[in-house]
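S.K.: Take a look at this one; I'll ask things after.
The values are calculated or read from the model by the stated rules, or taken from the named source; none is laboratory data. Since we're looking at a predicted model, the values are computed, not measured. Every residue, glycine among them, receives a Cβ derived from its backbone with ideal geometry; neighbour counts consider all protein chains shown.
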Amino acid sequence: MKSTLKTQIEALLFATQGLTIKQLCEKTGKVERDVLKALKELEKDYKERDSAFIITCDADVWKLTVKSNHVPLVKDLIPSEFPKSILETLAIIAYKNPALQSEVIKIRGNKAYDHIKELEKLEFIRLKKKGRTNEITLADKFYEYFQTTPEKVKEEFDV
């Protein structure tokens, strides 16, 4: 049984944490144009059917991931890409958004300096000098990665 490029890409995305176009080309032996076309078709397929999955592209990495409304169902089963401590720091930032770095450090301890540095490097947060500390806000990448909006985040914490 011969598989199509689209099903090959689907299998690759399912089996990994995500791949770049270059990696997909290397794995399938196809050119970028064909891989992109297959990705777009696959993305469309998932959108058109009532699937629990979606195809996303973040920082040039394509992923097969669970739709945000199904995350609560599976979150305890999926290993996180981030250590729990960094996620906890990010949760404090999301809760307070905007948050003062001094407040986050007071709540999370000195290790949060490293967490903040890492989250800024990953472009999940932005820092802006405010007096003797920094004001931390969530960046667009945070909302894209977690497939949410500022309004939904606020709603989640208004419980």
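S.K.: Within segment 93-155, which helices (runs of 4 or more DSSP H) (wholly inside it) include 2 or more residues that are among the basic types (K, R), out of contact with any strand residue (DSSP E or B) (no Cβ under 6 Å at 6 or more places or on another chain) and without any contact (Cβ under 8 Å) to a residue 40 or more places away in the chain?
M.R.: Those helices (runs of 4 or more DSSP H) span 101-108, 111-121.
S.K.: Taking the stated definitions as given, is T20 surrounded by 13 or more Cβ atoms within 10 Å (Cβ to Cβ) and out of contact with any helix residue (DSSP H, G or I) (no Cβ under 7 Å at 6 or more places or on another chain)? Step through it out loud before you land on a result.
M.R.: Numbers: surrounded by 13 or more Cβ atoms within 10 Å (Cβ to Cβ): yes; out of contact with any helix residue (DSSP H, G or I) (no Cβ under 7 Å at 6 or more places or on another chain): yes.
Judged against the criteria, T20 is a match.
S.K.: Taking segment 104-147 as the region of interest, how many residues are of a type in the set (S, T, N, Q) and touching a helix residue (DSSP H, G or I) at 6+ places or on another chain (Cβ under 6 Å)?
M.R.: 3
S.K.: Please find, among A38, A11, A52, the residue that is surrounded by 15 or more Cβ atoms within 10 Å (Cβ to Cβ) and either touching a Phe, Trp or Tyr at 6+ places or on another chain (Cβ under 7 Å) or of a type in the set (A, V, I, L, M) (or both).
M.R.: From the options A38, A11, A52, the qualifying one is A38.
S.K.: So, of the residues in segment 1-21 that are in contact with an Asp or Glu (Cβ under 8 Å, 6 or more places away or on another chain) and either outside the structural domain of L64 (by TED's automatic domain parsing) or without any contact (Cβ under 8 Å) to a residue 40 or more places away in the chain (or both), which turns out to be farthest from S68 (Cα to Cα)?
M.R.: For segment 1-21, the residue satisfying everything is L5.
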